[in-house]
Amino acid sequence: MMLNFPSLCVVATDETSIKMKQEFLINLVENFKMRFENLKIPKNLLLFVCDVFVVCGDGPSPSEAKDICDSVDEDAFQLEIVRLQSIDVLKAKFREVGLCDFWAQYADRFQNSQNLALYLLMMFGSTYLCESGSSTVNIIENQHHVTGALDEHLHECMSLALSSYKPLFTKLARDH
C-alpha cells in the first residue's frame, strides 16, 4: 500500500510508524465507504450536472432525477435538457464561467435542471462546512478550556476562524 505514497515512506522510516500510517489510510478508506455507502447517485445525473452540453441520448433519466430531488417535474426536466443543449449562447457561457456559476446564475429558465444541479452541488459543500464548523468549535474549546467564559464569544471566534476575509494589516496600521 505504501508504494503509492513515496513521500510518506521517506518520512516514516521505522516499521511501527509505517504500520500506523497504513492502518490510518485503511481506516480512512473504510470511513469514506461507510459515509458514501447510501449515496447512490446515478452516473448519468452526475455527468449531466458536470457538463449538460456533452450528455447525449442516454442522458439522465427523469425518474432518477425525481428520486434524487423531489421538486423535479419529470416531463419538464426531459424537455429542459433538449432546450438547454440547443442554446449555443448558454453553452458558451457554461464554458466561460464553469459549472457552479452556470447553474447558480444562468440556468434560471430551466428550473428542474437547476434545482437538481444545485441540490447535488451543495450536498458536498454543506457537509464540508458542517464538518469544518464542528472541528473548529472543538479546537476553540480545547484551546480555551473554560467553556463558560467562551460561550459569549464563541460566535465571534467561529466567524474569525471560518471566514475567508483577510484584513489589510498594513493599511490598518498606517491609517491608525
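The values are calculated or read from the model by the stated rules, or taken from the named source; none is laboratory data. Keep in mind the model is a prediction, meaning the values are calculated, not measured. All Cβ positions, glycine included, derive from the backbone under ideal geometry; neighbour counts span all protein chains shown.
Per-structure values
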| item | result |
| --- | --- |
| Inter-residue pairs, beta-carbon under 9 Å, first free of Cβ contacts under 8 Å to residues at least 12 places away in the same chain and assigned by TED's automatic domain parsing to the domain that holds SER71 and in the range 94-114, second in a helix (DSSP H, G or I) and β-branched (Val, Ile, Thr), 6+ apart | GLN105/VAL97 |
| Residue among ALA104, ALA92, ALA76, ALA117 that is modelled with pLDDT of 85 or more and buried (at least 17 other Cβ atoms within 10 Å of the Cβ) | ALA117 |
